[in-house]
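Below is one structure, written out as structure tokens; the observations come after it.
The values are calculated or read from the model by the stated rules, or taken from the named source; none is laboratory data. Computed from a predicted model, the values in this text were never measured in an experiment. As a convention, Cβ positions derive from the backbone with ideal geometry for all residues, glycine included, and neighbour counts pool all protein chains shown. To get the accessible areas, we keep the full protein, side chains included, count just its heavy atoms, and leave off ligands, DNA and RNA. Shrake-Rupley method; radii C 1.70, N 1.55, O 1.52, S 1.80 Å.
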Amino acid sequence: MPHILVRRPSPRLAEGELTHLHRQPVDTDLAVRQWHGYVAAFADRGWRVIEVEPADQHPDGVFVEDTVVMAGKLAVLTCPGAPSRRGEVASMAAAVAALGLPVGRITEPGHLDGGDVLKVGTTVYVGRSARTDEEGIRQLRELVEPDGLRVVAVPVSKVLHLKSGVTALPDGTVIGYEPLVDDPSVFGTFLPVPEEHGTAVVVLDEKTVLMSAGAPRSRELFAGRGFAVVAVPISEFEKLEGCVTCLSVRIRG
Ligand code: CIR
């Protein structure tokens, strides 16, 4: 059975880091309702939901994807690029230890956020971003290449994380909103989507993707390619530069 790791939003969510967006009021109660809707989308389709210990002192703790990268069977605990987020890793370490997963670690002076890591088949694209540096990428490469994965570093300057600009459909087609993508030509296949919030999908199964409700034209595009689409409202997280990928860590196996 596939699993997701998630963490409840902090009451301090509205204080989360911002890099490219201006701060807007965040409705924390609405965020909690949206988070429950997001989690239910997985649970309703047979995913087991595992809650990581709350980390209310960390406004961005809900964005669990940034603290661990699943690569094959290995759980790679990260060293997030933003100092305010580094304290989120200890509770994620406890969660992956409880699952009995083999663990690797990105350590200082390397930095890497899980939001910069996009796996497509055996290729692991890693964004060189404001959060992820060369040394973080080097360490990830050393940890995962022995398992037959190939790490490809790609530039990210227009959005916070690689996966804020591109993700992939279940058939491996990389999708992205071109104004936010530094170089679409680095990906084997690239399908432009018509809206910023249409860039991020999570693969629920081979025929189904989960995405933001804020991108109806992209939803039509994916449906037209034969995929079932589950759209959830995540506006309060989008105000903090989050998207559907960053609210969970998927363990598929
Ligand atoms: C941050 O700046 O770290 C948070 N406000 C948003 C993190 C979003 N994470 C992701 O896209 N993987």
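Some points to look at:
- Tensor-based shape of segment 36-184 (alpha-carbon gyration tensor, a/c under 1.5 rounded, otherwise prolate or oblate): rounded
- For the chain, a simple Cβ point-charge model (Lys and Arg +1, Asp and Glu -1, everything else neutral) yields a dipole of about 500 debye relative to the Cα centre.
- Within the shell of other residues whose beta carbon sits under 13 angstrom from the beta carbon of residue 20, the net charge comes to 0, with Lys and Arg scored +1 and Asp and Glu -1.
- Gyration tensor (alpha-carbon) shape descriptor, segment 16-120, a/c threshold 1.5: oblate
- Between the amide H of residue 151 and those of 124, distances stay under 5 Å, these residues lying 5 or more places away or on another chain, with hydrogens modeled in the peptide plane.
- Backbone amide hydrogens, once placed in the peptide plane, bring residue 230 within less than 5 Å of 209, 210, 211, excluding anything fewer than 5 places away on its chain.
- Value of [θ]222 nm, deg cm²/dmol, for the chain, DSSP H segments ≥ 4, -39500 (n - 2.57) each, nearest 500: -6000 deg cm²/dmol
- The distance between label points at residue 33 and residue 185 comes to 4.8 nm (points 7 Å beyond Cα on the Cα→Cβ vector).
- Each Lys or Arg adds one and each Asp or Glu takes one away; over the other residues whose Cβ falls under 10 Å from the Cβ of residue 8, this sums to -2.
- Fraction of alpha-carbon pairs over 25 Å apart in the chain - percent: 37 percent
- Using θ = phi - 60° and Karplus 6.51 cos²θ - 1.76 cosθ + 1.60, couplings along segment 15-32 (whole Hz; Gly, Pro as x): 8, x, 4, 10, 10, 9, 9, 7, 5, 10, x, 10, 8, 5, 5, 5, 4, 5
- Applied to segment 135-146, the Karplus parametrisation 6.51 cos²θ - 1.76 cosθ + 1.60 on θ = phi - 60° returns per-residue 3J(HN,Hα) values of 5, x, 5, 4, 5, 5, 4, 5, 6, 9, 5, x Hz, with x for Gly and Pro.
- Added length on full extension, which subtracts the Cα-Cα distance from 0.36 nm per residue, residue 252 to residue 138: 38.5 nm
- Solvent accessible area, Å² - residue 220, 1.4 Å probe, full protein context: 130 Å²
- Relative contact order, whole percent, for segment 3-251 stands at 21, derived from Cα pairs under 8 Å and 6 or more residues apart.
- Furthest towards positive pole of dipole, 148, 25, 46, structure part the chain, Cβ charges: 46
- Spacing of the two label points (7 Å from each Cα toward its C-beta) at residue 49 and residue 145, in nm: 4.0 nm
- Segment 195-253, relative contact order [Cα under 8 Å, separation at least 6], %: 33 percent
- Applying the Karplus relation 6.51 cos²θ - 1.76 cosθ + 1.60 with θ = phi - 60° to segment 79-84 yields 3J(HN,Hα) values of 10, x, x, 8, x, 4 Hz, where x marks Gly and Pro.
- Shape of segment 214-253, Cα gyration tensor, a/c cut at 1.5: oblate
- Within the straight-line cut-off of under 20 Å between alpha carbons, the lysines reachable from residue 163 are 119, 239, sequence neighbours fewer than 8 places apart in one chain being disregarded.
- The residues of the chain have, on average, 42 Å² of accessible surface per residue, using a 1.4 Å probe with all protein chains present.
- Share of carbon and sulfur in the accessible heavy-atom surface of the chain [1.4 Å probe, %]: 52 percent
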